[in-house]
Amino acid sequence: MKYQSQSVAKYYFLAAAALFGIQVLGGLLAGWIYISPNTLSEILPFNVVRMIHTNALIVWLLLGFFGAAYYLVPEEAERELFSPKLAYIQLIILLVGTLGAVGSYLVGIHGGREFLEQPLWVKFGILVAAVIFLVNISLTALAGRKTAITNILLMGLWLLCLLWVFAFINPVNLSLDKMYWWMVVHLWVEATWELVMAAILGFLMLKLTGVDREVVEKWLYVIVALALFSGILGTGHHFYWIGTPGYWQWIGSIFSTLEVIPFFAMMTFAFVMVWKGRKNHPNRAALLWSLGSSTVAFFGAGVWGFLHTLHGVNYYTHGTQITAAHGHLAFYGAYVALNLGMFTYAMPQLLKRAPYNQVLNMASFWLMTGGMAFMTFTLTFAGTIQTHMQRILGEYYMDVQDQLDLFYIMRFGSGVAVVLGALLFLYSMTVVRREVVKPGPAAVPAGE
Amino acid sequence: MSEIFTKSRARNVFYGGSLFFVVVFVALTAQSHRYIVKTSTAGAPITEEIKLGKEVWERHSCINCHTLHGEGAYFAPEVGNVMTRWGVIEDPEMAYEVLKGWMEAQPSGIEGRRQMPHFEITEEEMRGLAEFLRWADQTNTQNWPPNDAG
């Protein structure tokens, strides 16, 4: 850490970590309700549990992105943040909004557009926080050194904040509502967030491997070009069956097939940089998360996305557990793992300690990643059976669900592994101060 | 290779190409907007009742258990074609009666069965919800879902 004001990132990361805990516990409860449906059904119905699970995820990922921006932009721009005070005000607004949203969900006050259920005042709060953030980070970047990493990061963050406007647009016509809803949902996770992801990954590669900046940045432009060229028209894969024109079936199939390429490029980028790198950075855990993130993102977003994206396949799989399988692995690989990688890299620096928690942290990576992989497999099997019985044979929804119990039990088991991994991660990030396994005698030359 | 394909060229390709795809996407979205209004949902006008029904649908966050045109949570059945499944798509009064009967019987309390909560819904709102679901059902969704099971 070179600049004092980078320390605001610490509070963003801690807040994100706390919400991460809430998110996985909410997920575990939802998974339990699948196998024991009467649990809390009168006081905390499934829809409320799910809102907490998904909303907590989205907010903590955004807090992680904001924190990452506050950490890396001063370092890239080579100057202090424009205003740490504004950054703290922004964080307080976001936390009040989040607690307000969770509180109002628990008493049954919420909207009804999936993922955008926040009460209107919370949505405005998010808007205000986004404006504060953009002003703060843009003024910092404009005054200092301009790099491709900040360029791409800021472009992604500006666009994602602008797209938030669609959260306020809710036409009475359901099909229009759905079409504009995707302008937030798809163009966030399959376009603008990919820019943020690429920029953060680029920064981590630069720091961890010591590869020349020119090389990293050229790769980055190629990756984000591939992401937007495929991802923008790739929105078409959500426009197959919601009342939109039939031509989207072709546009969606073709461009969302191409969406695999940027994820493959990101994975290749990470491995090539590590291979070419001359630096032996002591923070091995951060490197593991960076490589793991790009790899799991390729499988979760890329391969599992392609699995059901062709319109002829999607006609049968749309809205089954196949979608749930893809959603879980894609979010975990692309955004959860990347954020955890950034925390792993930055927290020791923010706390002014050497990387001290490598073993526990890496164990948590394997526990979480193994759990998520198993969850994805069980849901994929459940979805395959569901697709066949319900969509081909025409059996009724609940009759089919009753036969999927075994998979839901296995899914819950994998969820337990993920939660244990998450708790281990949080413990290693915030509590442990010493390495649990004594390193061998060979001295590792220190990186940056 | 690296002399021809420089960083600034890569950047220009990124900006130029992205702009191109944004323009194409905006044009297709505008066309799709027209298509939805004039064609795919034009089978029945949107009444005040339907508008109320959509508000009821949203207020109770039905989407976080059910799917509607395949989107939502996967905990409860698809409702985009529920009126067809119940055989009441052509009959507003029956649609209302069946929906009311179903919702008032919830939660079933049966052990081991997924529970739908009990919702406080007035008669007017229940009629609106039934009309909203009937309206959604007549949307041209390119023949999705494949069968009445949803």
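The values are calculated or read from the model by the stated rules, or taken from the named source; none is laboratory data. In this text the structure is predicted, and so the values were computed from the model without any measurement. Positions of Cβ are generated from backbone atoms using ideal geometry, with glycine treated the same way; all protein chains shown enter the neighbour counts. Ligands, DNA and RNA are excluded from the accessible area calculation, which covers all protein heavy atoms including side chains. Shrake-Rupley method; radii C 1.70, N 1.55, O 1.52, S 1.80 Å.
With the helix formula -39500 (n - 2.57) applied to DSSP H stretches of n ≥ 4, chain B reaches a computed 222 nm mean residue ellipticity of -16000 deg cm²/dmol. With a sphere of radius 13 Å drawn around the Cβ of B:L52, what net charge do the other residues whose Cβ falls strictly inside it have (Lys, Arg +1; Asp, Glu -1)? Local net charge: -4. Sorting the Cα pairs of the protein assembly as shown by distance into bins of 20 Å, from 0 upward, gives 20, 55, 23, 2, 0 percent per bin.
When the listed pairs A:K85/A:K146; A:K85/A:K178; A:K10/A:K279; A:K279/A:K438 are checked against a 30 Å cut-off, the alpha-carbon distance exceeds it for A:K85/A:K178. Per residue of peptide B:54-62, the mean number of Cβ atoms on other chains within 10 Å of the residue Cβ is 5.
With a 10 Å cut-off around each Cβ of B:22-31, the average count of Cβ atoms from other chains is 4.
For region A:131-184, the relative contact order comes to 30 percent (Cα pairs under 8 Å, sequence separation of at least 6). Protein-only accessible surface at a 1.4 angstrom probe places the residues A:Y34, A:Y70, A:Y3 in the order A:Y3, A:Y34, A:Y70, largest first.
Length gain on complete extension for the stretch B:I110 to B:Q138, per 0.36 nm per residue less the alpha carbon to alpha carbon distance?
Numbers: separation 28, 0.36 × 28 = 10.08 nm, distance 3.32 nm.
Additional length available on full extension: 6.8 nm.
Taking amide H atoms as placed 1.01 Å from N in the peptide plane, the amide H of B:E78 lies under 5 Å from those of B:T67, each 5 or more residues away in sequence or on another chain. Computed with a 1.4 angstrom probe on protein heavy atoms, the A-B interface buries about 6400 square angstrom of accessible area in total. Note on region B:48-138: dipole from Cβ charges, positive end direction compared against B:Q138, B:Q115, B:V79; the farthest Cα belongs to B:Q115. Sequence-distant contacts, meaning Cα pairs under 8 Å at least 6 residues apart, place the relative contact order of region A:80-202 at 26 percent.
Taken as Cα centroids, region A:235-271 and region A:376-419 sit 25 Å apart, rounded to the nearest whole angstrom. Each stretch of four or more DSSP H residues adds -39500 (n - 2.57); spread over every residue of chain A, this sum gives -23500 deg cm²/dmol at 222 nm. Accessible area per residue was computed with a 1.4 Å probe on protein heavy atoms; A:K85 scores about 150 Å². For chain A, what relative contact order do you get, as a whole percent, if you take Cα pairs closer than 8 Å and at least 6 residues apart? Value for chain A: 15 percent. Packing around the peptides A:154-165, A:376-387, taken as the average count of other Cβ atoms within 10 Å per residue, puts them in this order, highest first: A:376-387, A:154-165. Model label sites at A:V274 and B:E48, defined 7 Å from Cα along the beta-carbon direction, differ in position by 6.4 nm.
Of the residues A:L142, A:L176, the one with the largest accessible area comes first in the ranking A:L142, A:L176, computed with a 1.4 Å probe on protein heavy atoms.
Peptides A:360-371, A:265-276, A:194-205 ranked from most to least packed give A:194-205, A:360-371, A:265-276, packing being the mean of other C-beta atoms within 10 angstrom over each peptide's residues. Across the protein chains, with a 1.4 Å probe defining accessible surface, the residues B:K54, A:K218 rank A:K218, B:K54 from largest area downward.
Remark: mean inter-chain Cβ contacts per residue of B:45-53 equal 1, using a 10 Å Cβ-Cβ cutoff to other protein chain atoms.
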